[in-house]
Structures are given as C-alpha cells and as structure tokens.
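Mind having a look at this structure? Questions to follow.
The values are calculated or read from the model by the stated rules, or taken from the named source; none is laboratory data. These numbers were taken from a predicted model, which means no experiment stands behind them. Note: ideal-geometry Cβ built from the backbone for every residue, glycine included; neighbour counts use all protein chains shown.
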Amino acid sequence: MEIHQLLYFVAVAETGGFSRAAQRCAVSQPSLSQQIIKLEHELGQALFERLGRTIRLTTAGQALLPQAQQLLTQWRSIKQHVSDSVEQHACRLAIGIIPTLAPRFFPNVSQAFQHHFPRTTLSIVEHTTSQLLIQLIEYSLDLLIASGPIEHPLIQIEPLFDEVLLVALPHDHQYAQRSVLQLNDLYHMPLLALHDDHCLSQQVDAFCYEQYLEPQVVGRVTNLTTIQRCVAAGLGMAFVPQSLTQAEPHPNVVYRRLLDAQPQRKIIAAWHHQRPPSSSVLDLLRTNLGASQKAEVKRQKS
C-alpha cells in the first residue's frame, strides 16, 4: 500500500467520480484507475461499487475512508514539518515576480527573507506571467508572485491581497484638479497600455469591456516607466497599479481613483502542487506584501 494509492482513493470518494478525481490529482484517469485496482487487490476487497456512471463506497471502502483521510493528514503534516525544518538551513529559493510588481514590493520581501532566512540564497526572476508559469511548471522556480487568475491543473495558488488600479493623467490635464474621476470622464480619452502579454494589460482590457469603455489605444509598450513618460507628455491616460505611485511616481503625472467603478487586480502566490512552499515562507509573503499594500492605501487616503 502506497501513499499515492490512498490519495487517489480519497479523491475518488470525495469527488464522486474517477474523472474528477484524476483532474484533482493531476494524473490521467487510466493511471488513477490502475492504482485503485492495485489497492483493492492488496486489501482483498472491492472499495467501490460501479453502478453505470455513478459509484459508491462498499462496506470496505467506508471502513477505509476515515483511516485513509487521517493518514493523509498526518503525511501532509510530516511533509510540512520537514519542509519548514529544511528551510531554516542553507538552501536556494527561486522566486519569479511580474514586472508590474517587482519595483515596489520585492525590495521589502528580499530584505525580509534575508532577515528571517539568513542561510537561504534568494534567486529572483522578473518576467511576464506566461513565461514565469512555464518555469514554475518545469521546476526552475519555487514560487511565483503574480496577478490572478492563474488556472492550471499543476498549479496551486494563495491570494495575498487586492490592489487598486488608478487613472494616470498628465499634470496639466483639465481633470487633474479633480480628487476623483468618473467613468464618463474617460470615454473620449486616448489610452496607453502595456503589451498584450502582460496580465495587467489583459485586466485593463477586461475592465474597459465590462464598463462599455471603448478607448482609442494610442500605444502599447513594454513597461510602466514608458507609460508614465507617455502620459506626462500628454499622449493619453493609463490605468496603473496603486503601488506605482509610491515606488516610481512621475512628477508630471497625477493619479486618481474612479468613483463609480474601481478596477483592481488580485495578487497571488503560486507554486507547483508537488513542491508547496513552507508555511513560514507564505506567512512572510502575506505579512510583508500585505503590510506594504496597507501602508500604501493609508498613504493614498491621507
């Protein structure tokens, strides 16, 4: 009897089907079914009754389920304990982060890592979500900090915080003196945006679509620094992360909230489901990234 056999058995019992269990465990259905059959042969008992397209636990399956669930809970606890213990000793941690987050948040996070895990060598990779996701799946990265949603059968995520997007305008724009803006103010403004491979660009496009905004996109660029310079030059407006206003504010750009509809993005941590980070790493990310975001929100309101 092996752990992964019990894992598959519990998944079938909890999801009510082999195909759903295979999807949850990120394996093919034939492989999962084969392991269930091996487990039944080893126990000498059928664990499921197959009634057409539905299944139900046999008496033996009902007896096994709570014991298997308890054993898997203990197994996960052991894995987490070992991971936490190893992390306190010398190791390497590779973290990917998207460009629209890196300048503001990563200096704080790297300093926190150096303080809490002095023997850990931290490796940083900055790229777009799609490229970082490939590296995460291939085990080149241990952790990814990005903007959701991310949906992949091999990837698990944990929400960290929500970040508001602000409207960036030239300092001499006719609306620059307003403390807040409304959607109606934006209908005829030209828009500056990032290239489509940036998740922020996709989120801005989705917001505009949902709010029936059809701005004329006058430029797509590779980074927020270029966007700010174009905004300062009067080429158009842009939606930018709130964190940018503290990390790299432009002296000739003003940043305003929308009053009647507030675009935002969800910042998440993601990892390969077979290589979960320790609870101490996730706690550090939640504490430091969350604290940075709360400080920025407080500064914006003051």
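Just name the residue that is modelled with the lowest pLDDT out of those in the range 211-242 that are over 17 Å from LEU166 (Cα atoms) and within 26 Å of the chain's Cα centre (by Cα).
Ranking the qualifying residues of the range 211-242, first place goes to THR222.
Another question, then. Residues being under 19 Å from GLU2 (Cα atoms), exposed (fewer than 12 other Cβ atoms within 10 Å of the Cβ) and of a type outside the set (Ser, Thr, Tyr): count how many of those fall in the range 35-75.
Going residue by residue through the range 35-75, those that are under 19 Å from GLU2 (Cα atoms) are 35-48, 60-75.
Retained after the next criterion (residues that are exposed (fewer than 12 other Cβ atoms within 10 Å of the Cβ)): 41-42, 44, 66-67, 70, 73-74.
Pick out the ones that are also of a type outside the set (Ser, Thr, Tyr) and you get 41-42, 44, 66-67, 70, 74.
Residues meeting the conditions: 7.
For the range 256-274, what are the residues that are in contact with a Leu (Cβ under 7 Å, 6 or more places away or on another chain), under 30 Å from SER179 (Cα atoms), surrounded by fewer than 18 Cβ atoms within 10 Å (Cβ to Cβ) and not hydrophobic (A, V, I, L, M, F, W, C)?
Scanning the range 256-274 gives ARG257, ASP260, GLN264.
If you check every pair at least six apart or on different chains, which have Cβ atoms under 6 Å apart with a residue in the range 134-147 that is in the same structural domain as PHE105 (by TED's automatic domain parsing) and touching a residue at least 12 places away in the same chain (Cβ under 8 Å) first and a residue that is of a type in the set (Lys, Arg) and in a strand (DSSP E or B) second?
SER147/ARG265
It is to be established whether one or more residues within the range 58-71 are outside any helix (DSSP H, G or I), at pLDDT 90 or above and either under 32 Å from the mean Cα position of the chain (by Cα) or not assigned by TED's automatic domain parsing to the domain that holds GLN242 (or both). Quick ask: steps written out before the conclusion?
Applying the first criterion (outside any helix (DSSP H, G or I)) to the range 58-71 yields 58.
Cutting the leftovers down to at pLDDT 90 or above gives us 58.
With either under 32 Å from the mean Cα position of the chain (by Cα) or not assigned by TED's automatic domain parsing to the domain that holds GLN242 (or both) added as a condition, the list becomes 58.
Within the range 58-71, one or more residues are outside any helix (DSSP H, G or I), at pLDDT 90 or above and either under 32 Å from the mean Cα position of the chain (by Cα) or not assigned by TED's automatic domain parsing to the domain that holds GLN242 (or both).
If I filter the range 22-45 for residues that are among the basic types (Lys, Arg) and part of a helix (DSSP H, G or I), do I get at least one hit? Reasoning before the result, please.
Filtering the range 22-45 down to residues among the basic types (Lys, Arg) leaves 24, 38.
Restricting the remaining residues to those that are part of a helix (DSSP H, G or I) gives 24, 38.
Yes, some residue in the range 22-45 is among the basic types (Lys, Arg) and part of a helix (DSSP H, G or I).
Residues being part of a loop (DSSP other than H, G, I, E, B), of a type in the set (D, E, K, R) and surrounded by 13 or more Cβ atoms within 10 Å (Cβ to Cβ): count how many of those fall in the range 105-148. Please lay out each step first, then the result.
Step one: filter the range 105-148 for residues part of a loop (DSSP other than H, G, I, E, B), giving 117-119, 127-128, 138-142, 148.
Now restrict to residues that are of a type in the set (D, E, K, R): 119, 138, 142.
Now drop any that are not surrounded by 13 or more Cβ atoms within 10 Å (Cβ to Cβ), which leaves 142.
Result for the range 105-148: 1.
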